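What follows is a short report on a single structure.
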Amino acid sequence: MRILHICSYYIGNKLYMNLIKELSLNGINQEVFIPIRDDQHAGRNQLPIQYDTVNFYYRNLLKKHDKFLFFNKIKKQMTEIEKSIPEIENINAIHAHTIFSDGGTAYKLYKKYGIDYIVNVRNTDINTFYRYALHLRPFMYKILLNARAVVFISHAYKEQMLSFLPASILSQIENKCFVVPNGIDDYWHKSAVNKKRKETFKEIKILFIGTINKNKNLTSVIYACNKLQKEGFNVLLNVIGTGPLEVECRELCVNLGMEKNVLFHGYISEKEIISSIMDNSDIFIMPSFKETFGLVYIEAMSRGLPVIYTKGQGIDGFFQEGEVGFSIDPEDQPMIVESIKKIINSYNNLSVNCYKNSLKFNWSNNSREYLNYYK
């Protein structure tokens with residue numbers, strides 16, 4: 001089997017690389033087309049030479065004005081794919097990793113060569129293109145209607161997207177919409193641990209990891225910790241990350257008298273350091289207003305940390321309420337406080353559930369699901 005990936009965001013993270021690596025281990029021949037903005041990005045996240053069933057095509061095509069000339073961008077990508085991919089007519093299936101940036105090209109190739117395709121739905125598809133590029137919606141409907149499968153990385157995004165669509169479109173695609181979550185890096189599975197049993201909490205150690213901006217909503221976590229402190233709980237909040245609101249959050253801690261209860265670690269990239277801090281924490285909280293998936297929740301779960309996450313976003317929908325933690329309204333700070341208390345009261349069961357559930361989120365399982373859709 002020979003698969004063509006069209007992946008505009010390939011260089012941004014290693015999610016796509018992990019999937020392609022696992023598919024290669026399953027003996028799949030893959031052509032990976034990666035449009036880039038600068039030649040210095042060529043080769044980023046490329047697999048080692050021993051993965052000889054995978055060919056990468058980095059092409060410097062993207063320009064700032066492409067957002068205003070969408071169909072010109074699609075035409076450029078299609079022309080370059082036809083020039084670059086040998087024997088394109090022998091491709092068995094196309095995997096477009098976004099609807100708009102990649103799916104448009106996949107649709108055009110399907111119309112010309114009859115090659116079936118599947119398409120992923122990403123954050124930019126919903127919150128940028130669909131919301132603001134109203135003139136592109138009819139083309140998006142064509143992409144969805146002709147795809148063999150429409151794949152979401154979370155139940156929350158599936159529900160959100162399907163709620164937007166006209167009934168006439170929804171009725172035709174609903175039975176080919178599926179959810180395949182991202183997997184976490186093998187490091188977390190290889191080093192996954194069950195938390196030690198805790199009978200009492202002399203100190204509640206809470207962990208936040210993320211960009212310190214309005215969306216990730218660290219301020220609500222700080223206020224919740226302050227309320228717990230006022231109720232007589234001893235609280236320590238560890239913050240990993242930096243961002244535009246870091247100074248504001250530090251000042252908030254001082255104003256609330258929490259400067260000794262909140263430790264700002266800055267940006268940390270080393271998994272070993274992050275996992276060490278996780279192992280010395282009790283609960284993970286990231287009450288984002290918008291969250292596509294949130295791998296860090298699953299990474300924390302692999303260390304046995306119960307999680308507090310936003311209702312209708314990210315990992316919400318993968319677990320029953322109270323199975324690995326609790327979903328909250330990100331603006332409801334008392335709700336965050338109550339969720340922390342509920343976790344403390346059922347800590348050992350939740351911790352074990354987190355460890356067990358984290359094992360499901362691996363690229364080996366995910367690649368097999370995608371392989372079924374290709375077939």
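Inspect all residues belonging to segment 231-242 and state whether any of them is more than 26 Å from the chain's Cα centre (by Cα) and outside any loop (DSSP other than H, G, I, E, B). Within segment 231-242, one or more residues are more than 26 Å from the chain's Cα centre (by Cα) and outside any loop (DSSP other than H, G, I, E, B).
Picking from Leu305, Leu350, Leu371, which residue would you name as being assigned to a loop (DSSP other than H, G, I, E, B), farther than 15 Å from Ile153 by Cβ and aliphatic (A, V, I, L, M)? Steps first, answer last, please.
On the way: Leu350 fails: assigned to a loop (DSSP other than H, G, I, E, B); Leu371 fails: assigned to a loop (DSSP other than H, G, I, E, B).
It is Leu305.
Against the condition in contact with a Pro (Cβ under 8 Å, 6 or more places away or on another chain), touching a residue at least 12 places away in the same chain (Cβ under 8 Å) and not assigned by TED's automatic domain parsing to the domain that holds Tyr157, how does Pro306 come out, does it pass? Against the criterion (in contact with a Pro (Cβ under 8 Å, 6 or more places away or on another chain), touching a residue at least 12 places away in the same chain (Cβ under 8 Å) and not assigned by TED's automatic domain parsing to the domain that holds Tyr157), Pro306 does not qualify.
With respect to Phe164, is the statement that it is surrounded by fewer than 17 Cβ atoms within 10 Å (Cβ to Cβ) and either touching a Phe, Trp or Tyr at 6+ places or on another chain (Cβ under 8 Å) or not hydroxyl-bearing (Ser, Thr, Tyr) (or both) true? So that I can check it myself, show each step before the final result.
Numbers: surrounded by fewer than 17 Cβ atoms within 10 Å (Cβ to Cβ): yes; either touching a Phe, Trp or Tyr at 6+ places or on another chain (Cβ under 8 Å) or not hydroxyl-bearing (Ser, Thr, Tyr) (or both): yes.
So Phe164 passes the test.
Among all residues of segment 311-326, there is at least one that is among the aliphatic types (A, V, I, L, M) and under 30 Å from Thr128 (Cα atoms).
Evaluating Ser339 against the criteria (1) within 19 Å of Ala224 (Cα to Cα); (2) surrounded by fewer than 23 Cβ atoms within 10 Å (Cβ to Cβ) leaves one unmet condition, (2).
Residue by residue, here is whether (1) over 30 Å from Glu22 (Cα atoms); (2) surrounded by fewer than 20 Cβ atoms within 10 Å (Cβ to Cβ) holds:
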site	(1), (2)
Asp186	no, yes
Ile206	yes, no
Ile222	yes, no
Glu231	yes, yes
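Restricting to segment 295-309, count the residues that are crowded, with 22+ Cβ neighbours inside 10 Å and within 14 Å of the chain's Cα centre (by Cα). Within segment 295-309, residues that are crowded, with 22+ Cβ neighbours inside 10 Å and within 14 Å of the chain's Cα centre (by Cα) number 5.
Among the candidates Ile36, Ile74, Ile94, the residue that is touching a residue at least 40 places away in the same chain (Cβ under 8 Å) and within 27 Å of the chain's Cα centre (by Cα) is uniquely Ile94. Among residues of segment 107-139 being assigned to a strand (DSSP E or B) and in contact with a helix residue (DSSP H, G or I) (Cβ under 7 Å, 6 or more places away or on another chain), the one that is nearest to Tyr370 (Cα to Cα) is Ile118.
Does Leu350 qualify as being in contact (Cβ under 8 Å) with a residue 60 or more places away in the chain and either surrounded by fewer than 20 Cβ atoms within 10 Å (Cβ to Cβ) or of a type in the set (A, V, I, L, M, F, W, C) (or both)? Reasoning before the result, please.
Working: in contact (Cβ under 8 Å) with a residue 60 or more places away in the chain: no; either surrounded by fewer than 20 Cβ atoms within 10 Å (Cβ to Cβ) or of a type in the set (A, V, I, L, M, F, W, C) (or both): yes.
So Leu350 fails the test.
Scan segment 57-80 and give yes if some residue there is in a strand (DSSP E or B) and at pLDDT 95 or above, otherwise no. Scanning segment 57-80 turns up at least one residue that is in a strand (DSSP E or B) and at pLDDT 95 or above.
Counting only residues that are hydrophobic (A, V, I, L, M, F, W, C) and in a helix (DSSP H, G or I), which one in segment 1-52 is surrounded by the fewest Cβ atoms within 10 Å (Cβ to Cβ)?
So the first thing to find is which residues in segment 1-52 are hydrophobic (A, V, I, L, M, F, W, C), and the list is 1, 3-4, 6-7, 11, 15, 17, 19-20, 23, 25, 28, 32-34, 36, 42, 47, 49.
From the residues that got through so far, the ones that are in a helix (DSSP H, G or I) too are 11, 15, 17, 19-20, 23, 25.
Details: Ile11: 21, Leu15: 22, Met17: 21, Leu19: 22, Ile20: 27, Leu23: 26, Leu25: 13.
That would be Leu25.
The values are calculated or read from the model by the stated rules, or taken from the named source; none is laboratory data. This one's a predicted model, so the numbers in the text were calculated from it and none came from an experiment. Cβ coordinates were reconstructed from backbone atoms using ideal geometry, including for glycine residues, and neighbour counts include every protein chain displayed.
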